[in-house]
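The structure appears below as structure tokens.
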Amino acid sequence: ACKDPVEKMNLVDVLQHLGIDHHFKEQIDTTLNNIQGAEFSSSSLHEVSLHFRLLRQHGFWVSAGKFDKFKQEDGSFTNDITNDAKGLLSLYNAANLLNHNEEVLEEALLFARRHLELIQSGLKSPLAEQVGHNIITQWWKDLSQDIGLEYGRDRIVECYFWAYRVCYEEEHARARMILVKLFMLTSLLDDTYDDHATLEECRELSEAIERWDEGDISLLPEDIKKFYLKVIKNFTVFDDELEPYEKYRNAYAKKAFQLISKSFLQEVEWCHQGNIPSFNDHVNVSTISAGIQLLCVGLLVGMGDVATKEVFEWVIGSDNDVIRACALVTRFMDDMADFKRGKNKTDVVTTVECYMKEQNVTSEVALDKIESFVEDAWKTLNQALIENHALLPVVQRVTNFAMSMIVFFHDKIDRYTNSEELKETLESLFVKHIPLY
């Protein structure tokens, strides 16, 4: 029933954002065919960008020359649009549909992103949230391009999904974003210890993380030095996102990061020495390297009033049965998947192998025993939900971490390392439409 082409485009855009456009395919196709065949003239950056994006998304060719009207004679974008947040966001989304050799759209991406970053802190809802939705992907692009860690696993989507599984609520967006970044930094740290650095470089990196001094890294090779500096910079950004009364939280995150670094180093030492540690020694170290303590601390850094100093002390404590139970679920499920997959020569032995050697049993017996340990850890987590009423919101988050392990390691398959196994799950959550009939 709309007559105005801009109203029609906005309606199509809304239907797409709601994920129900597949119910109106015929009407949308007719509408966009009519729009594509008609003259379109507008001085609004948002409207021109929306016109460009919708048509390209639906297979119509639109020239990037449409954006020339927003440029000066020297080819640069005019200053008039630098504070047009809605228009800049629309331009950013439109320019992401660039083809090969479209430099004008590459320039538009950089221009829109730069000016959105400059004005983001002053934006109000809902535009502030909409601008923020490009954040994680861009953060990862910047990080990976700057440090060039080709050996590291590119798992930003998986890390976001993992964080989303633990903390999905809209009001906890800050906590989720910090957690995603900490997830990815920890994954890269793990890959650096396991697959890249020499034993001596691992020792130097661990010492540097313990000192936490960006001016004292002369012995690190250039690529690891860049990564280390990025870690420090990201923790500084975490601190900037906290209110003055919350800033003490970052010290706990640093401490947890230092602890996991030590555990990674110990595993590398075992591997280089050819040692198979005792089962208990391995568990004591590998429940830290599993990352649960660090990630629980990281989640709390961005949470609201539930994250008190007492809660941080509880999570970081060495005698915390709840965190340890979650770490046991993580470690054992991960190790059973890794054992089934087979080890690389640089991999540390799993808890399965330690148990086999120590108890002189077959792999089948060891796997069954490890499964029973997982069940025991679940009982501890279930009991904690009943016994920790004062800490219930935090215990529930810890339990969410444990439940997410079922998605990633069910049936002894490591779906984080072999992320192709997660593709269908991710598509069903974030890509495919939910049928309404």
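In summary, the aspartates and glutamates within cross-link reach of Lys262, defined as a Cα separation below 15 angstrom excluding same-chain residues under 8 places away, comprise Asp190, Asp191, Asp194, Glu200, Glu201, Glu204, Glu207, Glu210, Asp281.
Working note: 222 nm ellipticity from helices only, DSSP H runs with n ≥ 4, each -39,500 (n - 2.57), summed and divided by the residues of the chain, gives -21500 deg cm²/dmol to the nearest 500. Between Leu199 and Cys2, full extension at 0.36 nm per residue minus the direct alpha carbon distance yields a gain of 64.2 nm. Average accessible surface for the chain: 51 Å² per residue, computed with a 1.4 Å probe over protein heavy atoms with every protein chain in place. With θ taken as phi - 60° and the Karplus curve 6.51 cos²θ - 1.76 cosθ + 1.60 applied, the whole-hertz 3J(HN,Hα) list for the range 36-46 is 5, x, 9, 6, 10, 9, 8, 9, 8, 4, 4 Hz, x standing for glycine and proline.
Surface listing: Lys226, Lys86 arranged by accessible area from highest to lowest gives Lys86, Lys226, probe 1.4 Å. Taking amide H as placed 1.01 Å from N in the peptide plane, the amide H of Lys71 sits under 5 Å from that of Thr78, each at least 5 places away or on another chain.
For the range 279-284, backbone phi angles converted through the Karplus equation (6.51, -1.76, 1.60; θ = phi - 60°) give residue-by-residue couplings of 4, 5, 4, 4, 4, 4 Hz, Gly and Pro being listed as x. In degrees, nearest 10, range 0 to 90: what is the angle between the Cα axis of helix 222-240 and the longest Cα principal axis of the chain? Rounded to the nearest ten degrees, it is 70.
The distance between label points at Lys262 and Ala173 comes to 3.8 nm (points 7 Å beyond Cα on the Cα→Cβ vector). Axis angle, to the nearest 10 degrees, between helix 135-147 and the longest C-alpha principal axis of the chain: 70 degrees. Highest average first, the peptides 111-120, 349-358, 136-145 ordered by how many other beta carbon atoms sit within 10 Å of their residues are 349-358, 111-120, 136-145.
Separation of the range 366-437 from the range 147-214 is 20 Å, based on Cα centroids. For the chain, the longest principal axis of the C-alpha atoms and the axis of helix 5-18 are separated by about 10°. Excluding same-chain neighbours fewer than eight residues apart, the aspartates and glutamates reachable from Lys25 by a Cα-Cα span under 14 Å are Asp13. For the listed residue pairs Lys340/Lys369; Lys233/Lys255; Lys86/Lys141; Lys254/Lys309; Lys226/Lys255, the alpha carbons are over 19 angstrom apart in Lys86/Lys141; Lys226/Lys255. For the pair the range 253-276 / the range 298-329, the C-alpha centres are spaced 21 Å from each other.
The values are calculated or read from the model by the stated rules, or taken from the named source; none is laboratory data. Treat the numbers as computed from the prediction; the structure is a model and nothing was measured. Glycine also receives a Cβ, built like all others from the backbone with ideal geometry; neighbour counts cover every protein chain displayed. The protein model used for the area step is the full one, side chains on, heavy atoms only, and it has no ligands, DNA or RNA in it. Shrake-Rupley method; radii C 1.70, N 1.55, O 1.52, S 1.80 Å.
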